[in-house]
Amino acid sequence: MIVRILSEGQFDVADEHLEALNELDAQLEAAIKAEDEANFGSSLGALLDRVRELGTPVALDALVPSELLLPHESASLAEVRDLLSGDGLIPG
């Protein structure tokens with residue numbers, strides 16, 4: 001699956017890593033619901049780091065649609081809350 005991190009780029013992440021990403025997404029969603037700024041920042045950072053670790057960067061000149069869209073690392077809690085669907089940032 002192609003994951004875009006806003007203001008950074010796209011990463012090709014194997015579907016087999018979806019469960020690990022969903023666990024981090026659940027932690028991020030819990031921090032947002034609790035309005036917990038400290039855990040929000042660390043949870044968002046952990047999710048983005050994991051995408052970078054597990055994914056392969058997509059070439060800048062490649063035109064491929066993103067299946068998932070993640071906020072940039074300095075996004076605020078309010079900005080990320082606006083991106084949430086009923087399933088968090090990562091469906092599943």
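A short reminder: the numbers here are calculations on the coordinates, not readings from a lab. Keep in mind it's a predicted model, so treat the numbers as computed, not measured. So basically every Cβ, Gly included, is an ideal-geometry build from the backbone, and we count neighbours across all protein chains shown.
ASN39: among the polar types (S, T, N, Q), out of contact with any Pro (no Cβ under 7 Å at 6 or more places or on another chain), surrounded by 14 or more Cβ atoms within 10 Å (Cβ to Cβ) and without any contact (Cβ under 8 Å) to a residue 60 or more places away in the chain, yes or no?
Numbers: among the polar types (S, T, N, Q): yes; out of contact with any Pro (no Cβ under 7 Å at 6 or more places or on another chain): yes; surrounded by 14 or more Cβ atoms within 10 Å (Cβ to Cβ): yes; without any contact (Cβ under 8 Å) to a residue 60 or more places away in the chain: yes.
Spelling it out, ASN39 is indeed among the polar types (S, T, N, Q), out of contact with any Pro (no Cβ under 7 Å at 6 or more places or on another chain), surrounded by 14 or more Cβ atoms within 10 Å (Cβ to Cβ) and without any contact (Cβ under 8 Å) to a residue 60 or more places away in the chain.
Filter the stretch 30-75 down to the residues that are part of a helix (DSSP H, G or I) and under 11 Å from the mean Cα position of the chain (by Cα) and list them by number.
Here is the first cut: in the stretch 30-75, the residues part of a helix (DSSP H, G or I) are 30-33, 37-54.
Of everything in the stretch 30-75, those that are part of a helix (DSSP H, G or I) and under 11 Å from the mean Cα position of the chain (by Cα) turn out to be SER43, LEU44, GLY45, ALA46, LEU47, LEU48, ASP49, ARG50, VAL51, ARG52.
Between residues in the stretch 1-13 that are under 14 Å from ASP49 (Cα atoms) and in contact (Cβ under 8 Å) with a residue 40 or more places away in the chain and residues that are aromatic (Phe, Trp, Tyr) and buried (at least 22 other Cβ atoms within 10 Å of the Cβ), which pairs lie under 6 Å by C-beta distance while being six or more apart or on different chains?
Short answer, once both residue conditions are applied: VAL3/PHE11.
For the stretch 1-29, give me each residue that is among the β-branched types (Val, Ile, Thr) and either in contact with a Gly (Cβ under 8 Å, 6 or more places away or on another chain) or not in a strand (DSSP E or B) (or both).
Let us first name the residues in the stretch 1-29 that are among the β-branched types (Val, Ile, Thr), namely 2-3, 5, 13.
Listed by number, the residues that qualify are VAL3, VAL13.
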